[in-house]
1. If we keep just the residues of segment 144-174 that are among the polar types (S, T, N, Q) and crowded, with 16+ Cβ neighbours inside 10 Å, which is nearest to Trp267 (Cα to Cα)?
2. Within segment 376-411, which residues are part of a strand (DSSP E or B), farther than 17 Å from Gly37 by Cβ and more than 29 Å from the chain's Cα centre (by Cα)?
3. Please verify whether segment 326-333 includes one or more residues that are of a type in the set (Gly, Ala, Ser), in the same structural domain as Tyr260 (by TED's automatic domain parsing) and under 26 Å from Tyr279 (Cα atoms).
4. All but one of (1) part of a strand (DSSP E or B); (2) in contact with a Phe, Trp or Tyr (Cβ under 6 Å, 6 or more places away or on another chain); (3) surrounded by fewer than 21 Cβ atoms within 10 Å (Cβ to Cβ) hold for His221; state the number of the condition that does not hold.
5. From (1) under 15 Å from Phe314 (Cα atoms); (2) of a type outside the set (Phe, Trp, Tyr); (3) part of a loop (DSSP other than H, G, I, E, B), pick out the condition that doesn't hold for Gln81.
6. For segment 249-268, give me each residue that is part of a strand (DSSP E or B) and aliphatic (A, V, I, L, M).
7. Looking only at segment 133-170, which residues are at negative phi, in contact (Cβ under 8 Å) with a residue 40 or more places away in the chain and in contact with a Lys or Arg (Cβ under 9 Å, 6 or more places away or on another chain)?
8. Looking only at segment 130-143, how many residues end up being surrounded by fewer than 17 Cβ atoms within 10 Å (Cβ to Cβ) and either part of a helix (DSSP H, G or I) or among the charged types (D, E, K, R) (or both)?
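The values are calculated or read from the model by the stated rules, or taken from the named source; none is laboratory data. Small disclaimer: the values here were computed from a predicted structure and weren't measured. Please note: Cβ atoms are built from the backbone with ideal geometry, for glycine as well, and neighbour counts cover all protein chains shown.
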Amino acid sequence: MKSIIFQYSRQSCCLLLSLICTGNAYGQSEVLKWKDGKTAAISITYDGGTKNQFRVALPIMNEMGLPATFYIVTGDITGAQYRGEFIGRDVAEIVEESKTVKTNLQNLFERAAAVRYLQSSDARLYHTRAGDLFELGKADDACREIDRAFAAFSKGVLKMDLPGNIFDNPDVDISWDEIKQIATAGHEFGSHSVTHPQLGIYDFPNMRYEIEKSREEIVKHLGESHTFSAEIPHGIENPRVMEFAGRFHEALRNRMPARYLEEINRWSRMTPSESGMQYIQWQRGPKSSTSLKAMNAWVDTCLAYENVWLVLTFHGVDGIGYEPKSSAELREFFSYIKSFENRIWIATFRDVVKYIRQRDASSVTQIMESSEREDMRPGKKIVVGLKHNLDKDKYNYPLTLKSYMPQGWNEVSITQGGITLPYKKSSDKIGSYVIYNALPNKELITIEPKAVL
């Protein structure tokens, strides 16, 4: 982040500010690391959209005033336009070919996509295992897993339990109208694909369908603001998929490389203490066996440093979904997080991404100029400019500024574009300062002492 101090001329008044002026630091403004000057950030996210995320976990979060981010498999939502669909050759043709031609790196992606359309849940398990192997760098093993799937299908030993290639998770039971109401209340939604495949082993046409159509579905029902972030299924970090999905979304929870950000995924044993980066996105995925003590320790770690953004990933709740946590555990854990709300910024994934990216790209200008106060006496005021060079339509989140004031300024008025901004006043060894939130790339911010009547 850059801070700029410049010479300003107005009405024959020319003043050059320095950082230290007569023993006070007025003339110095900065964008704070976290919103409202807090110590850390936490984002609570959910994958898959299973029913108890909304029936059980969401009411607990609403009760405590905590925002959530839900990554939904759009094809599972009642009323979805786009469902599972294989893009390409007839699947029967691929089955016949597999009898004489082994799976290899040239045909793996097409076959791995096609195997999910054999009308068998068993076949989809082969697909998932192959994707896991491929993500671990075991491409040959992934090929063999797909061969096993086609061979089992041809021998008639697969369980044929999905007539019509239905992709409909029975653990998901929510409509777009219900989702829209939840989003209106301040929660974030994002794409988790159309049918939750292993996209690292999908060919391009089918990968495009899963990413593009899921986004289109969300735009149709919720608008562009809920396409800002996404999570590619299975937490993969495949570069080919990350690059393509990044064309449709500003941020991916899977992978979000930046020179100022250390990403520790939820499988990593690395700890925040091992990184000296400006920001650390520390992902943790609580499982059924994860103790409340361990979960609370993650929060304690956030408080021990000033650069940690804890991203929590939940799946199942109260027995429904992958690795479910009980509602009692969630209530106690969320209460623990809530108890530190004065120090921890609890926000959606989207809002934290916007804040840290805007802060990194921001510039702050500040001058002191003469003013005509309401009491008709000449005075002085601080004028602050706040800008960033990102897309102004997508990156429009308020940033928290800290501005030092001259000695003797006890009560002030802070305005931007005619709107009065609330602030908090404090002091440190440098001097007195105010903390306030302002919109970047908008009108100048004015700070002046309140008139004495």
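1. Only one residue tops the list, namely Asn169.
2. Applying the first criterion (part of a strand (DSSP E or B)) to segment 376-411 yields 378-388, 399-404.
Those left that are additionally farther than 17 Å from Gly37 by Cβ: 378-383, 385, 387-388.
Result: Pro378, Gly379, Lys380, Lys381, Ile382, Val383.
3. Applying the first criterion (of a type in the set (Gly, Ala, Ser)) to segment 326-333 yields 326-328.
Next cut, in the same structural domain as Tyr260 (by TED's automatic domain parsing) only: 326-328.
With the extra rule that they be under 26 Å from Tyr279 (Cα atoms), the set shrinks to none.
No, because not a single residue in segment 326-333 is of a type in the set (Gly, Ala, Ser), in the same structural domain as Tyr260 (by TED's automatic domain parsing) and under 26 Å from Tyr279 (Cα atoms).
4. Tallying (1) part of a strand (DSSP E or B); (2) in contact with a Phe, Trp or Tyr (Cβ under 6 Å, 6 or more places away or on another chain); (3) surrounded by fewer than 21 Cβ atoms within 10 Å (Cβ to Cβ), His221 fails exactly one: (1).
5. The single condition Gln81 does not satisfy is (1).
6. Ala251, Leu252, Ala258, Leu261, Ile264
7. Filtering segment 133-170 for residues at negative phi gives 133-136, 138-155, 157-163, 166-170.
Then drop every residue that is not in contact (Cβ under 8 Å) with a residue 40 or more places away in the chain, which leaves 134-135, 142-144, 146-147, 150-151, 153-154, 158, 160-163, 166-169.
Ala142, Cys143, Arg144, Ile146, Asp147, Phe150, Ala151, Ser154, Leu162, Ile166, Phe167, Asp168, listed by residue number.
8. Looking only at that region, the number is 4.
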